[in-house]
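Read through the structure below, which is laid out as structure tokens, and then see the notes.
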Amino acid sequence: MRNAEHEHILELIPAYALNSLDADEEAIVGQHLSGCEICRAELATYEAVVDVMPLAAPDATPSRALKERLMAQIKAAPLPETAETISLAPSRPEGGGWQRISEAMQNLLAGPRWRPVALLFIIALVVSNVLLWQQLNEPSPDAWRRIRLTGSEVAPEATGIIYISADGLNGTLIVDKLPQLSPEQQYQLWLIQDGQRTSGGVFSVDDDGYRGIQIESPQPLQDFGAFGITIEPAGGSPGPTGERVLGYNL
Amino acid sequence: MTLSQLDDTDLIDLIAQRNETALGELYDRYHRLIFSVALSVVGRQEEAEEITLDVFTRVWEKAHTYRSERAKVYTWLTRLARNRAIDVLRQENVRPMKYSVSWADVWPEPPANSDPPESAVQMTLQKQRVRQAIAILPNTQKEVLALAYFKGYSHSEIAQALDLPLGTVKGRIRSGMQKLRDLLQDE
């Protein structure tokens, strides 16, 4: 590396840390950094500056209701890996718990003096657990339907999940590991009913290919039998024109 | 020990174990900062709240991917907030134009809690330190740095927005960043 070129790169590093270089210069600096320890050390000192810049944003406070929305949202989507339907209701008692209770009761019954009291206790426990079991088996009004989208050949590692509220009026799409697109392109969600496709939202992903969006739908989401995500020109298309990256069919 | 006594990294560990109360505690510590960053970028209360919600939802989903050796927790959060907010701006196809983007006054708000934990005190001091450093910069440098940081503008977009030669913008950003680095490293 010639000294003049090295000095030129050093001049660009503050802006590189700030992510404000234009694409051509960003590519040059990125390539140089991969082989230059000095410049990487220099970059680290500027990245430390960028990391504290948000502390100088003018102070502002969101509405009080936002925390309640957050807590409700995470309760609605705790992301169990196997269940296809998730619920705000508590989880079902595990067999291991029953076994421990049974063992404890056997020990209790071993003493003859406590036998009548223990029997009454066991009856009360059985009745209350039967009632609890029935309650847990009833469909919860808060249950959210969970639909897993699978990646196409274009994006085999990509994953997607759609959560639909019990009344079908609210839906959230979360995608991960989608490929990066050019600035002229965006992803578009399609809601499919009898071959008709309606746009459910246009979005971009971050560096990890991750994004969560609120689905826009003119009708309840349970009316749709399939969902797909395609690559479209930035801003979206009236109908799908690009390659499908994620999809789900009933 | 209560959750409020735990440091940020311990809270993230608990969140990765699906502890909702720990997420609530992290929210209490940083929701104002995250919202402030988002609002500075998008400029609208409703969108800034949605971004704040997105950030903490993502923390809930991705806490297990956090690595303390790469960034402090608040840095991780503010990077998420800034990236998400700039993404929102770009989705709206906002064209470069004359923007009035300002940094905060030197003195930050005192913590809301009358008896703040040590971490809140440290955050307040850190805010004060950064704001003092930025306050020293010439307005011309503050302006280009704010457009780059809060709007995600490139050199050429800033030049267009402020009707300045490209070389002038490059020089102001470089000088401003060098000055900030010197000021923050000296302390």
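Descriptive notes on the structure:
Results for (1) under 14 Å from A:Ala158 (Cβ atoms); (2) touching a strand residue (DSSP E or B) at 6+ places or on another chain (Cβ under 8 Å); (3) in the same structural domain as A:Thr150 (by TED's automatic domain parsing), shown as yes or no for each residue.
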{"site": "A:Pro183", "(1), (2), (3)": "no, no, yes"}
{"site": "A:Leu189", "(1), (2), (3)": "yes, yes, yes"}
{"site": "A:Asp194", "(1), (2), (3)": "no, no, yes"}
{"site": "A:Phe203", "(1), (2), (3)": "yes, yes, yes"}
{"site": "A:Glu216", "(1), (2), (3)": "no, yes, yes"}
{"site": "A:Leu221", "(1), (2), (3)": "no, yes, yes"}
{"site": "A:Gly236", "(1), (2), (3)": "no, yes, yes"}
{"site": "A:Pro240", "(1), (2), (3)": "no, yes, yes"}
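- Out of B:Thr9, B:Thr57, B:Thr52, B:Thr78, one residue alone is in a helix (DSSP H, G or I) and more than 27 Å from A:Ser204 (Cα to Cα). It is B:Thr9.
- Residue check for B:Gln160: closer than 30 Å to B:Asp8 by Cα, more than 10 Å from every other protein chain (Cβ to nearest Cβ) and surrounded by fewer than 18 Cβ atoms within 10 Å (Cβ to Cβ): no
- Entry remark, region A:140-155: residues being assigned to a loop (DSSP other than H, G, I, E, B), of a type outside the set (A, V, I, L, M) and modelled with pLDDT under 85 number 3 in total.
- Residues of region A:189-215 classified as of a type outside the set (A, V, I, L, M, F, W, C) and away from chain B (no Cβ under 12 Å), total: 9
- Of the helices (runs of 4 or more DSSP H) that lie entirely inside region A:1-120, those containing 1 or more residues that are among the hydroxyl-bearing types (Ser, Thr, Tyr), outside the structural domain of A:Ile162 (by TED's automatic domain parsing) and at pLDDT 50 or above span A:3-17, A:37-52.
- Filter result for B:Arg70 (free of Cβ contacts under 8 Å to residues at least 60 places away in the same chain, outside any helix (DSSP H, G or I) and under 20 Å from the mean Cα position of the chain (by Cα)): yes
- Identity of the residue in region B:16-37, small (Gly, Ala, Ser) and within 9 Å of chain A (Cβ to nearest Cβ), that ends up surrounded by the fewest Cβ atoms within 10 Å (Cβ to Cβ): B:Gly24
- Counted residues, region B:38-67 - those being more than 8 Å from chain A (Cβ to nearest Cβ), over 12 Å from the mean Cα position of the chain (by Cα) and of a type in the set (Gly, Ala, Ser): 2
The values are calculated or read from the model by the stated rules, or taken from the named source; none is laboratory data. None of these values were measured; they are calculated from a predicted model. Glycine also receives a Cβ, built like all others from the backbone with ideal geometry; neighbour counts cover every protein chain displayed.
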